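Shown next, in structure tokens, is the structure this report addresses.
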Amino acid sequence: MGLLGLFARKPHERAGFALYGAAVAAARQPVFFESLGVPDTLDGRFDLVSLHTGLLVCRIAADPDPRAKALSQAVFDAMFADMDVNLREMGVGDLSVGKRVKRMWEAFHGRAQAYDAALRAGDLAGLESALVRNVWRGDAPEGAPARLAAAAARVHAALAATPFAELVAGRAVFPEVIA
């Protein structure tokens, strides 16, 4: 491998970062914090980013296109590169970052599987339960879990309707959440 090979981009890296950025933008909608009572904390923000990114990764991974695995991995890699940078910016020491990122990965993986399974089964009650457990740690404002589950279902449907070519190009549109 020549010197330039060290700087080569991974397949779909640019699209992965663009898609992850779209998921983060969707997760940062003020309505989640102001109207649905999602805690505006590190954990609350992580849960919303995990929800949106998880739905995106699961949508991509389920596609029959042979590029799906690499693209979903690129989105995942973008998320955890961002988590690593954010932890370091918050002052987490180098020796602790790896352990914290691993715990975040495990939390993300569990959440993504639970949300995806509930949505694929059309089990909004199951999705609500998972959201109460993860987003509000068991103590959700009245009506908020149903509204967040409905918003997640709209995201799931919008991503399912997105042509794979758009995703490969780094484009995904997340529906706006209405207060």
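The values are calculated or read from the model by the stated rules, or taken from the named source; none is laboratory data. Quick caveat, the model's predicted, so the values are computed rather than measured. Virtual Cβ from ideal backbone geometry, glycine too; neighbours counted across all protein chains shown. Just the protein is used for accessible areas: all its heavy atoms, side chains included, with ligands, DNA and RNA removed. Shrake-Rupley method; radii C 1.70, N 1.55, O 1.52, S 1.80 Å.
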Requested in this report: Over the stretch 62-132, average the accessible area per residue using a 1.4 Å probe and give it in Å², no decimals.
Outcome: 56
Report summary line: Within the set Val31, Val85, Val155, GNM on the chain using Cα springs under 10 Å gives the largest fluctuation to Val85
Requested in this report: Please compute P(r) over all alpha-carbon pairs of the stretch 82-174, binned at 10 Å starting from zero, and give each bin as a whole-number percent.
Outcome: 15, 31, 34, 19, 1
**Report entry** Ellipticity estimate at 222 nm from DSSP helix runs (n ≥ 4, -39,500 (n - 2.57)) divided over the chain, nearest 500
**Finding:** -23000 deg cm²/dmol
**Report entry** Using alpha-carbon coordinates, inclination of helix 124-135 to the longest axis of the chain, degrees
**Finding:** 70
**Report entry** Modelled FRET efficiency - R0 22 Å, Phe164 with His109, Cβ distances, 0.05 increments
**Finding:** 0.45
Query raised in the report: Per residue, what accessible area does the stretch 7-55 have, given a 1.4 Å probe and all protein chains present, in Å²?
Result: 48
Requested in this report: Keeping the other protein chains in place, figure out the carbon and sulfur percent of the accessible area of the chain, with a 1.4 Å probe.
Outcome: 58
